[in-house]
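Comments concern the structure below.
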Amino acid sequence: MPLGPIQSFGVDFQGRVAGADGLTGTKSRVEPRMHTAVVGLQWGDEGKGKVVDLLTAQHDVVVRYNGGANAGHTVVVGEDTYALHLIPSGILYPDIECVIGNGVVVDPGKLIEELDSLRSRGIDGQQRLFISDRAHVVLDSHKMLDGALEEFLAGRSGSKKNRSIGTTRRGIGPAYADKVHRSAAIRMGDLKRGGDSLRDQIELACELHAHQLASLGSPERPDPKRILDDFAHWSDQLGERIIDTTYHLHDAIAQDKKLLFEGANACLLDVDHGTYPFVTSSNCSTLGIPAGTGMPGRTVDTVIGIMKAYATRVGAGPFPTELDDAVGERIRERGHEYGTTTGRPRRCGWLDLVAVRYTCMLCGVDSIACMLLDVLWGFEEVRVCTSYRLPDGSTTDRFLPDSIGLSGVEPIYETLPGWDGPINEDCGREDLPDGARGYLDFIESTLGLPIGLISIGPERTQTMVADHLV
Ligand code: IMP
């Protein structure tokens, strides 16, 4: 699939940003690469799908290492829009292999739906998809439990305060919980094996989940017979795609293939390093790559951090720069900020560089992709949060990865001039309006990292890519 015209804007390979208005002299950690990771630097929906899609052409294998069908990656190719949840975005290219690593929780029914939907649009990804035999299965009863727990926490079944997380109800938390609990967990390798032991496992999981659902006050109960039938169907459809992906990936590297690791969800939702407990249940940051794929930590050569030009969040949890006003509404409407997975309106706010600096540090980011810059067109001025005021009146430029601490901070903003004028898709960075260039320069200097990609619309062609990424 050919890429559209991509504009280069003068970041040379030594990592010195040399564009007309670029930040000269910034020391970049960008180096010649083999294996790349792409990770969301905020609370998700940064546009990772588009960046993975663009970078896929330079790689051979695209690998998912975390999350499940809670993720939603939208890729626009010409007239067609693809919304992918479980399958790596690389599937849209012919000849690219896609791997679902052991760190992912797989809803096989959803995966088959996704494959069928791609097939109906002329993309046959089945033979290029490999699923880890150690990836855990998301059962219907995990989804029931996810919903029942959310209802319980929302106070509808006796709890006094709304403590719900606002999950996607895709069964992610309960599936990872079973993985750690162990006894009721079922892996893709078990699905492939089938037989009496699988029947036993399914019956045990159903029994346990029925107890849990009853204790949460839910009337729903899993049906082991239906699940067994589902498993027989899934095994027929997916059985031969389930392999030991750890050896497969090590073999790929031995054959000089280039890997692209595609992070799902995003860094501030990382279960260990995000705004706990308002996070998802996996390690979404690059720290999840080794455990979620079986590749050593040193495998990745280049990390590309994806950042929206502003900030959004779905679900509950602290969000210091949230705008509960007409500006937030304007960003939501212009950015079409409604969830790909659930359709929920996203909370919107100004860019929080305290948060992004933290996630760049955590993930070892080499280069930033600044997405959805077009959404900020037409504002008289734009604001960027560069530090927080703490409840005791002191200030800090460090992020607080804890929901109680973060709820108490007040953002301190820099106000920058806005910009307007026609959006010229064929322009380079140096042709952008003054305000937009100033905004990008400010981000680079605050983060101490180069911006390697700028997106000004959903299409592949509406992208400017620096030399170090192409
Ligand atoms: P869960 O992953 O369904 O358990 O949801 C936990 C939290 O993470 C909720 O606030 C979700 O809205 C959020 N979340 C999970 N995946 C994504 C994503 O891909 N984009 C944005 N938010 C997400």
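Restricting to lysine pairs 8 or more places apart or on different chains, what number in the chain have Cα atoms under 23 Å apart?
Lysine pairs meeting the criterion: 20.
For the chain, build the charge dipole from Cβ charges (+1 Lys, Arg; -1 Asp, Glu) around the Cα centre, then report which of Gly343, Gly315, Ile186 sits farthest towards its positive end.
Ile186
Sort 164-175, 121-132, 280-291 for me by packing, meaning the mean count of neighbouring Cβ atoms within 10 Å per residue, highest on top. All intermediate terms of the calculation are to be shown ahead of the outcome.
Values: 164-175: 23.1, 121-132: 17.8, 280-291: 24.8.
The densest-packed peptide leads the list: 280-291, 164-175, 121-132.
Would you work out the charge dipole size for the stretch 136-242 about its Cα centre, treating the Cβ of every Lys and Arg as +1 and the Cβ of every Asp and Glu as -1, and quote it to the nearest 20 debye?
Values: 17 positive and 16 negative charges, 111 e Å.
Using only the charged Cβ atoms, the result is roughly 540 debye.
Give me Tyr358, Tyr247, Tyr439, Tyr65 sorted ascending by neighbouring Cβ count inside 10 Å, so fewest comes first. Walk me through the numbers before you get to the answer.
On the way: Tyr358 20, Tyr247 10, Tyr439 23, Tyr65 29.
Arranged by neighbour count, lowest to highest, Tyr358, Tyr247, Tyr439, Tyr65 become Tyr247, Tyr358, Tyr439, Tyr65.
Rounded to the nearest 0.05, what FRET efficiency do Ala57 and Lys257 give with R0 = 22 Å and r taken as the Cβ-Cβ distance? Could you check?
On the way: r = 14 Å, r/R0 = 0.63.
About 0.95, to the nearest 0.05.
Relative contact order, percent, of the stretch 136-242 when contacts are C-alpha pairs under 8 Å separated by at least 6 residues? If you can, show how the numbers build up before the last one.
Working: 131 pairs, mean separation 32.4, N = 107.
Computed over the stretch 136-242, the figure is 30 percent.
I want to check the label-to-label distance for Asp244 and Asp196. Put each point 7 Å from Cα in the C-beta direction and report it in nm to one decimal.
In this crude label model, Asp244 to Asp196 measures out at 2.7 nm.
How big is the dipole moment of the chain about its Cα centre under a simple scheme where the beta carbon of each Lys and Arg is +1, that of each Asp and Glu is -1, and everything else is neutral? Debye, nearest 20, please.
1100 debye
Can you give the local net charge around Ala254? Use residues other than it whose beta-carbon is closer than 15 angstrom to its beta-carbon, Lys and Arg +1, Asp and Glu -1. Write down the numbers at each step before the final one.
Details: positive: Lys257, Lys258; negative: Asp60, Glu97, Asp244, Asp251, Asp256.
The answer is -3.
Need the full-extension length gain, Ser403 to Gln127, defined as separation in residues times 0.36 nm minus the C-alpha distance. One decimal, nm.
Value of the extension gain: 95.1 nm.
Tell me, what is the Rg over Rh of the stretch 182-256, with Rh the Kirkwood radius over Cα pairs?
Working: Rg = 16.2 Å, Rh = 14.2 Å.
Result: Rg/Rh = 1.14.
What order do you get for Asp236, Asp146 when you list them from fewest to most C-beta neighbours inside 10 Å? Can you show the working numbers first?
Numbers: Asp236 10, Asp146 23.
Lowest to highest Cβ neighbour count: Asp236, Asp146.
For each of Ser218, Ser183, count neighbouring Cβ atoms within 10 Å of the residue's Cβ, then give the residues from fewest to most. Don't skip to the answer; put the middle values down first.
Working: Ser218 19, Ser183 9.
Exposure proxy ranking, most exposed first: Ser183, Ser218.
Mind giving me the nanometre distance, one decimal, between the label points for Asn162 and Thr395, set 7 Å out from Cα along Cα→Cβ?
3.4 nm
Rounded to whole Å, give me the distance from the Cα center of the stretch 114-133 to that of the stretch 48-65.
16 Å
What nm distance separates the two modelled labels at Glu430 and Thr415, each placed 7 Å from Cα along Cα→Cβ?
3.3 nm
Among bridges DSSP assigns within the chain, what percent are antiparallel (round to 5)? Please list the in-between numbers first.
Working: 25 of 60 bridges.
DSSP beta bridges in the chain are roughly 40 percent antiparallel.
Can you work out ³J(HN,Hα) from phi for every residue in the stretch 283-295, in order, using Karplus 6.51 cos²θ - 1.76 cosθ + 1.60 and θ = phi - 60°, giving whole Hz and x for Gly and Pro?
So the Karplus estimates, Gly and Pro as x, are 8, 7, 5, 5, 5, x, 5, x, 5, x, 9, x, 9 Hz.
Report the relative contact order of the chain, percent, no decimals, based on alpha-carbon pairs under 8 angstrom and at least 6 residues apart.
On the way: 1083 pairs, mean separation 107.8, N = 470.
RCO, the chain: 23 percent.
Counting each DSSP H run of 4 or more residues in the chain as -39500 (n - 2.57), what helix-only mean residue ellipticity at 222 nm follows after dividing by all residues, to the nearest 500 deg cm²/dmol? Before the final figure, lay out each step's value.
Details: 13 runs with 143 residues, N = 470.
That comes out to -9000 deg cm²/dmol.
Among residues other than Lys143 whose Cβ falls under 9 Å from its Cβ, what is the net charge (Lys/Arg +1, Asp/Glu -1)? Can you show the working numbers first?
Working: positive: Arg169, Arg170; negative: Asp107, Asp140, Asp146.
Within the 9 Å Cβ shell, the charges total -1.
Across the Cα atoms of the chain, what radius of gyration and what greatest pairwise Cα-Cα distance (Dmax) are found, in Å?
Cα-based Rg and Dmax for the chain come out at 22.2, 68 Å.
Return the long-range amide H neighbours of Val99 (sequence gap of 5 or more, or a different chain), with a cut-off of under 5 Å between placed amide H atoms.
Val62, Val63, Arg64, Phe130
Values in this text are rule-based calculations from the coordinates and carry no lab data. Note that the coordinates shown come from a computational prediction; the quantities given were computed from them, not determined experimentally. A quick note on method: Cβ atoms are made from the backbone with ideal geometry, for glycine too, and the neighbour counts reach across all protein chains shown.
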